[in-house]
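None of the figures in this text is laboratory data; all of them are computed from the coordinates on show. Bear in mind the structure is a predicted one, so any value in this text is a computation, not a measurement. FYI the Cβ positions are ideal-geometry reconstructions off the backbone, even for glycines, and counts take in every protein chain you see.
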Amino acid sequence: MQKSSLALVGHIYDAVLDPAQWDSILDELADILGVGATSIQVIDPLYSSHQYTALSRRFRDNPGMESLSQEYFDDIWKHEEIIYRSLFNKNEQGFQKDYISMGFNDASDLEHHIPSIWIRKHFGLFHRIASRLNLNNAWQDLLSIQFDASHGEASEEEMQAALIFLPHLAKAIEMRRQFNVLHARFNAVLDALNHYQVGTFIVSGQGDILLHNTEAQRLIEDKDGLSRDARGRLVVTSRSGNDLLSLIQSCTLTARGEGLDSEKLMTIKRLSGQEDYILTVAPIRDPKNTIEAQFQGAIVYVIDPSNVAVISTAGMSELYGLTKAENEVCRLLIEGLTTPDIAELRCVCPETVRSQTKQIMQKTSTQNRASLIRLALSINLPIEQPPG
């Protein structure tokens, strides 16, 4: 892979703490892919403050952009809804050509498509490809890539070249949501992290703990699988810590623009015998030097599945089409009840619970309780309510 592509992957994580970086990120993406323009739309029905649109320079530099944007949402948007429905009905990342999303048989049909005509008239762009980003049904995040009017439709090679950036854009937007809510409720990053009820460590590439929140401190003090060693590094105490360090180093390479890992997962056995901790490691950068000058490292989230008080299933039923019975089983699964326990509590046979559990996993695209917990936490961020 070219150094410029790796550098862009690292740059993407600058947007987690500094959303103003999206403009230059999208400019770089358009340049690397050799396309006319790129754009990101972030729509979040649960948190309206998360919603934004970021555009590359072809759009931003148009002197009439403000009025054109208003015109688009007033008159053109209604003709685009079918594209969005098509993309979000696919429970996977992957680019789709505009005319296919519209249900057209051929790219030439776009010559009669009002939005395509409008975009060509005002921006000199025509064919487009797009993909949903995060697969969480609570979010509607979209990357769109537009080609110069003279280009023709996208080739398979061009779509493959753009695919490598999707997981990183998705992860940066997801992490931004967490920090955005924290910033909205509290003032400083350091103070804000203490209100996030998932253990959070910001670490260097060698695992040195630079920042951690109150919940993370509790996990360290419990010494039930995680601790801080004599050098101040985050280590696993229930087995060799090399696995965790390897994940941290891998994500740090991405933050430095030298790797491609957007996220790493692992579970940690607990000395007490309670349920395993669930760890997520992701790249993070700090362009504003809030943490440390030119910091490029990793952020480690540690979920304690036994701490069910901070895990909410609110909204799962509506977002994933769960029946009333499935929603109740989902709640009980997250609380840690076994199939026999749930069957006894609900006065049904275990086979019924197993069937309902299978349906829940299929509808939510999860594989086990751990992934179901991660999904629930991403929908309902476990953040303390501000005082007063």
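Once Rh for segment 276-353 is found with the Kirkwood sum over Cα pairs, what is the Stokes-Einstein diffusion coefficient at 10 °C and 1.306 mPa s, in µm²/s? Kindly include the intermediate steps, with their values, before the conclusion.
Details: Rh = 15.6 Å.
D = 102 µm²/s.
Which one, Ile379, Ser144, His50, projects farthest toward the positive side of the charge dipole computed for the chain from Cβ point charges (K/R +1, D/E -1)?
Ile379
Using only C-alpha atoms and all pairs of different ones, pull out the Kirkwood radius for segment 253-311 in Å with one decimal. Show your work: numbers first, answer last.
Working: mean 1/r = 0.0751 Å⁻¹.
Mean inverse Cα-Cα distance, inverted, gives 13.3 Å.
What does the convex hull of the alpha-carbon atoms of the chain project to on average, in nm²?
Projected area, direction-averaged: 21.8 nm².
How do Ile209, Ile114, Ile100 line up, fewest other C-beta atoms within 10 Å first? It would help to have the intermediate numbers written out before the result.
Working: Ile209 19, Ile114 12, Ile100 15.
Ranking Ile209, Ile114, Ile100 by Cβ neighbours within 10 Å, fewest first, gives Ile114, Ile100, Ile209.
Kirkwood Rh over alpha-carbon pairs of segment 18-150, then Stokes-Einstein at 4 °C and 1.567 mPa s: what D in µm² s⁻¹, rounded to an integer? Don't skip to the answer; put the middle values down first.
Details: Rh = 15.4 Å.
Taking Rh from Cα pairs, D becomes 84 µm²/s.
Quick one: Debye curve from the C-alpha atoms of segment 311-379, no solvent, what's log10 I(q)/I(0) at q = 0.17, 0.18, 0.24, 0.26 Å⁻¹?
-0.52, -0.58, -1.05, -1.23
How large is the dipole of the chain about the Cα centre if only Lys and Arg carry +1 and Asp and Glu carry -1, each at its Cβ, rounded to the nearest 20 debye? Let's see the in-between values first.
Numbers: 36 positive and 50 negative charges, 168 e Å.
Around 800 debye, computed over the chain.
Take Tyr277, Tyr84, Tyr99, Tyr13 and order them by how many other Cβ atoms sit within 10 Å, fewest up front. Don't skip to the end; give the middle numbers.
Numbers: Tyr277 23, Tyr84 17, Tyr99 20, Tyr13 31.
If I rank by nearby Cβ atoms, fewest first, I get Tyr84, Tyr99, Tyr277, Tyr13.
Along the charge dipole of the chain, pointing to its positive end and built from +1/-1 on Cβ of Lys, Arg, Asp and Glu, which listed residue (Asn105, Val308, Ser67) has its Cα farthest out?
Among Asn105, Val308, Ser67, the one farthest towards the positive end of the dipole of the chain is Val308.
If you average 1/r over all unlike Cα pairs in segment 188-306 and invert the result, what Kirkwood radius do you get in angstrom? Display every interim value, and only then the final one.
Details: mean 1/r = 0.0704 Å⁻¹.
Every distinct Cα pair counted, the radius reaches 14.2 Å.
Going by how many other beta carbons lie within 10 Å of each one, how would you line up Leu345, Leu33, Leu68, Leu26, fewest first? Could you put the intermediate results ahead of the total?
Details: Leu345 13, Leu33 19, Leu68 16, Leu26 25.
Fewest-to-most ranking of Leu345, Leu33, Leu68, Leu26: Leu345, Leu68, Leu33, Leu26.
When the helices in the chain are scored as -39500 (n - 2.57) per DSSP H run of 4 or longer and the sum is shared across all residues, what 222 nm value do you end up with, to the nearest 500 deg cm²/dmol? Don't jump to the answer; show the numbers that get you there.
Numbers: 17 runs with 160 residues, N = 388.
Taken over the chain, the calculation gives -12000 deg cm²/dmol.
With +1 on the Cβ of every Lys and Arg and -1 on the Cβ of every Asp and Glu, and nothing else charged, how large is the dipole of segment 311-379 about its Cα centre, in debye rounded to the nearest 20? Spell out each step's value before the answer.
Values: 8 positive and 7 negative charges, 40 e Å.
For segment 311-379, the charge dipole is close to 200 debye.
Taking the mean number of other Cβ atoms within 10 Å as a proxy for protection, how do you rank 155-161, 374-380, 57-63, 17-23 from highest to lowest? Write down the numbers at each step before the final one.
On the way: 155-161: 12.1, 374-380: 19.4, 57-63: 14.7, 17-23: 17.7.
Highest mean packing first, the order is 374-380, 17-23, 57-63, 155-161.
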